[in-house]
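Chemist: Handing you a structure now.
The values are calculated or read from the model by the stated rules, or taken from the named source; none is laboratory data. Treat the numbers as computed from the prediction; the structure is a model and nothing was measured. Note: ideal-geometry Cβ built from the backbone for every residue, glycine included; neighbour counts use all protein chains shown. Heavy atoms of the whole protein, side chains included, go into the accessibility calculation; ligands, DNA and RNA do not. Shrake-Rupley method; radii C 1.70, N 1.55, O 1.52, S 1.80 Å.
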2 protein chains.
Amino acid sequence: MLIVQKYGGTSVGTTERIHAVADRVARTVKDGSTVAIVVSAMAHTTDELVSLAEAMTKRPSLRELDALLSTGEQVSAALLAMALMERGIPARSFTGRQAGIQTEPVFGSARVASIDTKVLNEALSDGVVPVITGFQGYAGDDVTTLGRGGSDTTAVAIAAVLKADRCDIFTDVNGVYTTDPRLVSKARKLQMVSYDEMLELANLGAQVLHPRAVENAKRHQVPLVVRSSFTEEEGTYVTETSNLEQTSVVTGIAFEREVARVAVIGVSLQKHGLATVFGTLAREGVNVDVIVQSVVQTVDADVSFTVREGDADATLQLMRRMQEELGYRHLVLETELAKVSIVGAGMISNPGVAARMFEVLAEVGIEIKMVSTSEIKVSCIIAAADMEKAVKSLHQAFLESDGTVDA
Amino acid sequence: MLIVQKYGGTSVGTTERIHAVADRVARTVKDGSTVAIVVSAMAHTTDELVSLAEAMTKRPSLRELDALLSTGEQVSAALLAMALMERGIPARSFTGRQAGIQTEPVFGSARVASIDTKVLNEALSDGVVPVITGFQGYAGDDVTTLGRGGSDTTAVAIAAVLKADRCDIFTDVNGVYTTDPRLVSKARKLQMVSYDEMLELANLGAQVLHPRAVENAKRHQVPLVVRSSFTEEEGTYVTETSNLEQTSVVTGIAFEREVARVAVIGVSLQKHGLATVFGTLAREGVNVDVIVQSVVQTVDADVSFTVREGDADATLQLMRRMQEELGYRHLVLETELAKVSIVGAGMISNPGVAARMFEVLAEVGIEIKMVSTSEIKVSCIIAAADMEKAVKSLHQAFLESDGTVDA
């Protein structure tokens, strides 16, 4: 069995923890598995390197920033390789370049283009555990980094090209939960979750597993296990289907704070206004989430969309500058909102789930301001003040009963 | 004019100092020079990385240690490149590999095998200042380091292959002195010193310029300038001949503490004992300095040699184990000794200099226990307690008069 194990920054945050990781890898090897390791930089290292760069310049060259940041994983990889050898396990550290991880020629957020598996396969067949730096690759002569979630992405890509049986993502939580345990004490760890559900639960689990890595895992059908490096608990399996959970229609309750809604009243449909609005927002880096359009008359429409509260001012200014071009009548901004979503692959075959969600929210007196649905998710925009109550009620209704919902 | 500038660990020890280095480089560029930079790791970084490695294992893999340590210069090179760009100076950081610095396939103390100047020359002709990591290169797929004095060696090697007009070694002292100013207040900075003199003065200037770099500079006839990165003072020129100083026969007074003398009495000359003694000591890593042999009878000899005081016990044990093989009669160890040397290229044509040295030491009542001479150096082994007095007297006699010695 070939297992790729990825250890995040907290898991290798101190020399003691690197020793603990080495112990775990040694056990896995002694259990007869072949292992390849991907490591993040030791916790805080990346932040420290970023502040060094900030002390140099407000706008660092992205090439130099990548050259700088990539040293973080080189340190943790070399240290873990040493710790493994100390335990009698042959090991060798590999930078992104040494591991053959070629990326697009883009700095700061490169995508993996290809991986030449020659040296890694040689190491594995020599009985050497490769310890690969996450988050980085190379393009031409340059070092590139993969951006946020980069080490997860590296691990999944390595698992895909090595045709690993499994990719273990070791982090500081035990797995993926039905919702945030800090909000709902009865939240429970999921045994399995599908790639699609994991993606929809992303904002619950962003610190657990980066959506980009999940997408790649889905594309290459790499089974993932999200688990803690601090305990021996089994984690959460992330695979194509979450069979074991299919008794429950809803897999988890996701939520997001600090949502703002912009309502654009009377957008002229003749002016291709919608494409202009969202095209411009995208170019300006404003991430638009839920979009609802309602045609009021035949020539114009009311369009509402949500953005992060922090982006609200910039969005309004942008919209005002474009008022003539867009031909809308006026703008309404509403802040202090939140988004609550129920997620579950089982919804596809259970059409009453959305109705049950609205019912639950109505029962506890929560007004729904916007609704958005996908095949495996229903999201409601509500007042931020109602969010906690909404999540608790929905968790109780969908995840604390016998698992079936009478719609 | 093409200048290679090397900045040591103290010179880039903080972000403020890196800014100061960037200011200096910017001035040099604006003065019309073409510049290539070699940097050490920020002061303390290497020590911190070494202690991380020590927390992993007592005997780290040398490959992994090199992979680990090489990150130090990558950080300082990227930061300096950023700081230069912030000043409108196009710059790019280069790791040893990126700069094409190929070494022997040896970890920890590799020698530079060759430098492919293609990328560096491209950068220079594009008007880009290359900021090259000192101390490191590559061999095959691996990162290698050059060992102690490695960044000086890198700078000299880069200056040689780029055919630079000069190689500036920026450090935390103003230049090379006639002797240690902490010992002799009248010690003065030398304007020029020859490569050979610099090598003989090495133990005065070891923290200033590594002997290995001096040897390479001599081999490739690279003019060096040792100067401080904290002042605008001119430093000391190190070139083939120290013309300007030829009025003075003696260039500097070197000294070394913690010397021990081992006297091997009655070594059989028939047993090839001498070769065995020094061959064995070399293999055991004991650095033998001054050697004096006196044939007492026709069949055996008395041999004295000096080692570092810290190596004395190991040396004695080794000698005792080999007593039968060597066929000597007995051993005498003397510790708490010191070595004082006068160094100067002018000695070659001034045969009375050694005699004058003995005279000066005799005048102040210092007993000479051993003497060793080379073409440009005379060394005396004396009691450690006499060392300071010896250095002061010799400095006064040879370097504080009108510069000529009446032998």
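Chemist: Would you please name the residue that is nearest to the other protein chains (Cβ to nearest Cβ), looking only at residues in the range B:89-122 that are of a type in the set (Gly, Ala, Ser) and without any contact (Cβ under 8 Å) to a residue 40 or more places away in the chain?
Modeler: Per the stated criteria, the residue is B:Gly100.
Chemist: Assess whether A:Ala36 counts as being away from chain B (no Cβ under 14 Å) and in contact with a Leu (Cβ under 9 Å, 6 or more places away or on another chain).
Modeler: Yes.
Chemist: Among (1) part of a loop (DSSP other than H, G, I, E, B); (2) at pLDDT 90 or above, where does A:Pro351 come up short?
Modeler: (2)
Chemist: Take the conditions closer than 26 Å to A:Ala22 by Cβ and open to solvent by less than 10 Å² (accessible area, probe 1.4 Å) and apply them to A:Gly72. Does it pass?
Modeler: So A:Gly72 fits the description; yes.
Chemist: In addition: Just to check your reading of the model, which residue among A:Val222, A:Val259, A:Val238, A:Val226 is on the phi < 0 side of the Ramachandran plot, assigned by TED's automatic domain parsing to the domain that holds A:Lys392 and either crowded, with 23+ Cβ neighbours inside 10 Å or modelled with pLDDT of 90 or more (or both)?
Modeler: Within the list A:Val222, A:Val259, A:Val238, A:Val226, the selection yields A:Val259.
Chemist: State yes or no: is A:Ala67 more than 24 Å from the chain's Cα centre (by Cα), free of Cβ contacts under 8 Å to residues at least 60 places away in the same chain and within 7 Å of chain B (Cβ to nearest Cβ)?
Modeler: Answer is no for this residue.
Chemist: Among B:Ala397, B:Ala390, B:Ala385, which is part of a helix (DSSP H, G or I), among the hydrophobic types (A, V, I, L, M, F, W, C) and more than 30 Å from B:Val238 (Cα to Cα)?
Modeler: So the residue among B:Ala397, B:Ala390, B:Ala385 that is part of a helix (DSSP H, G or I), among the hydrophobic types (A, V, I, L, M, F, W, C) and more than 30 Å from B:Val238 (Cα to Cα) is B:Ala385.
Chemist: Okay, next question. Looking at the range A:302-344, which of its residues are touching a helix residue (DSSP H, G or I) at 6+ places or on another chain (Cβ under 6 Å) and either at pLDDT below 85 or among the basic types (Lys, Arg) (or both)?
Modeler: Within the range A:302-344, A:Leu326, A:Gly327 meet the criteria.
Chemist: Could I ask something else about it? Among the residues of the range A:76-88, which ones are open to solvent by less than 20 Å² (accessible area, probe 1.4 Å) and facing chain B (nearest Cβ under 7 Å)?
Modeler: Correct list: A:Ala78, A:Leu79, A:Ala81, A:Met82, A:Ala83.
Chemist: Quick check on my filter: what residues within the range B:1-24 are β-branched (Val, Ile, Thr) and within 20 Å of B:Val222 (Cα to Cα)?
Modeler: B:Ile3, B:Val4
Chemist: Looking at this structure, is B:Thr95 in contact with a strand residue (DSSP E or B) (Cβ under 8 Å, 6 or more places away or on another chain) and either crowded, with 24+ Cβ neighbours inside 10 Å or in the same structural domain as B:Lys6 (by TED's automatic domain parsing) (or both)?
Modeler: For B:Thr95, the condition - in contact with a strand residue (DSSP E or B) (Cβ under 8 Å, 6 or more places away or on another chain) and either crowded, with 24+ Cβ neighbours inside 10 Å or in the same structural domain as B:Lys6 (by TED's automatic domain parsing) (or both) - is met.
Chemist: Could you grab me the full set of residues in the range A:213-237 that are outside any loop (DSSP other than H, G, I, E, B) and of a type in the set (A, V, I, L, M, F, W, C)?
Modeler: Within the range A:213-237, A:Ala213, A:Val214, A:Ala217, A:Leu224, A:Val225, A:Val226 qualify.
Chemist: Does B:Gly365 count as farther than 22 Å from B:Glu200 by Cβ and not assigned by TED's automatic domain parsing to the domain that holds B:Ser185?
Modeler: Spelling it out, B:Gly365 is indeed farther than 22 Å from B:Glu200 by Cβ and not assigned by TED's automatic domain parsing to the domain that holds B:Ser185.
Chemist: Of the numbered conditions (1) open to solvent by 40 Å² or more (accessible area, probe 1.4 Å); (2) farther than 16 Å from A:Val391 by Cβ; (3) out of contact with any Ser or Thr (no Cβ under 8 Å at 6 or more places or on another chain), A:Phe358 fails exactly one; give the number of that condition.
Modeler: (2)
Chemist: Output the residues belonging to the range A:26-56 that are more than 23 Å from A:Gly137 (Cβ to Cβ) and crowded, with 20+ Cβ neighbours inside 10 Å.
Modeler: A:Val29, A:Met56 - these are the residues of the range A:26-56 that are more than 23 Å from A:Gly137 (Cβ to Cβ) and crowded, with 20+ Cβ neighbours inside 10 Å.
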